[in-house]
Amino acid sequence: MTLSQTDIDRGLIYMGSRGRDVTDLMPLVTRCAGELGEAAAPLYIYKYFDIEFTGEGIALKGTELTLSGESIRAHLNGCRGCIVLCATLSAGADKLIRTLSAYDMAASFVTDCLASSAIESVCDEAEQEMRERLSDKFLTWRFSPGYGDLPLTLQPPLVSLLDAQKRIGLTVTDSLMLVPSKSVTAIIGVSDKELPRKVRGCTSCNMYDSCKFRKGGDHCGA
């Protein structure tokens, strides 16, 4: 893959460079972006499900999975269905970051931040494809486990639901971390009519108080 200027700019924010002169850093960033582009092999899969609002949460019809929490209920309010997305930069990105950490911590850190940015672009690409395929529908933004009160315990069933281990090499550890680490699972609501804009931002995230990317602002830049 080729990292875009957006990937690089967002990666710089993840490095904590907001408002700083990054001129001296750019040669390293450019080198790391090139190496990451060669190592990464982005993949994504997604599937649409009709949904039903129940007392226990939001049931994905045709499955045994129910999405729990008030945050996802509010997010999908007015939707007739949802799309489950799994995306990854694949194992090559993790291997590069791990290899660099053995002899060049600065390059490892920069590459890690760029990879965090790049996986967001992969998700954006998948979302654009969804919008083109469902041009007569209205889609919400993507909502991931761990955001709001949507539990991380949903990671394994979401990955299993799409057979993501077999199809794109995505697994979940016992501690609910995705492997490869530069991966995302997300839920996107689908509606027949335009939905009112919903709150999106750091204040709705469980990591609001501890996020190292926010740097005292309202958004992490993602």
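Every number in this text was worked out from the coordinates using simple rules, so none of it is lab data. Everything numeric here is computed off the predicted structure, so don't read it as measured data. Using ideal geometry, Cβ is built from the backbone for each residue, glycine included, and neighbour counts are taken over all protein chains shown.
All conditions but one from (1) charged (D, E, K, R); (2) more than 20 Å from ARG133 (Cα to Cα); (3) out of contact with any Leu (no Cβ under 7 Å at 6 or more places or on another chain) apply to GLU35; the one that does not is (3).
Look at ALA40 and say whether it is touching a Ser or Thr at 6+ places or on another chain (Cβ under 7 Å) and within 22 Å of PRO151 (Cβ to Cβ).
The answer is no for ALA40.
Listed by first and then second residue, the pairs linking a residue in the range 87-110 that is more than 22 Å from PRO156 (Cα to Cα) to a residue that is surrounded by 20 or more Cβ atoms within 10 Å (Cβ to Cβ) and of a type in the set (Ser, Thr, Tyr), with Cβ atoms under 9 Å apart and 6 or more places separating them unless they lie on different chains, are LEU96/THR111; ILE97/THR111; LEU100/THR111.
Restrict the check to the range 166-177 and report whether at least one residue is within 27 Å of LEU3 (Cα to Cα), surrounded by fewer than 19 Cβ atoms within 10 Å (Cβ to Cβ) and either charged (D, E, K, R) or in contact with a His (Cβ under 9 Å, 6 or more places away or on another chain) (or both).
Going through the range 166-177, the residues within 27 Å of LEU3 (Cα to Cα) turn out to be 166-172, 177.
Next, only the ones that are surrounded by fewer than 19 Cβ atoms within 10 Å (Cβ to Cβ) stay: 166-167, 169, 171, 177.
From what is left, the residues that are either charged (D, E, K, R) or in contact with a His (Cβ under 9 Å, 6 or more places away or on another chain) (or both) are 166-167.
Checking the range 166-177: at least one residue is within 27 Å of LEU3 (Cα to Cα), surrounded by fewer than 19 Cβ atoms within 10 Å (Cβ to Cβ) and either charged (D, E, K, R) or in contact with a His (Cβ under 9 Å, 6 or more places away or on another chain) (or both).
Identify all residues within the range 56-92 that are aliphatic (A, V, I, L, M), closer than 15 Å to GLY189 by Cα and surrounded by 17 or more Cβ atoms within 10 Å (Cβ to Cβ); write none if there are none. Can you show your working first?
Of all residues in the range 56-92, those aliphatic (A, V, I, L, M) come to 58-60, 65, 67, 72, 74, 76, 83-85, 87, 89, 91.
With closer than 15 Å to GLY189 by Cα added as a condition, the list becomes 58-60, 67, 72, 74, 76, 83-85.
ILE58, ALA59, LEU60, LEU67, ILE72, LEU76, ILE83, VAL84, LEU85 - these are the residues of the range 56-92 that are aliphatic (A, V, I, L, M), closer than 15 Å to GLY189 by Cα and surrounded by 17 or more Cβ atoms within 10 Å (Cβ to Cβ).
The residues in the range 23-55 that are surrounded by 15 or more Cβ atoms within 10 Å (Cβ to Cβ), more than 21 Å from the chain's Cα centre (by Cα) and β-branched (Val, Ile, Thr) can be counted, and the count is 2.
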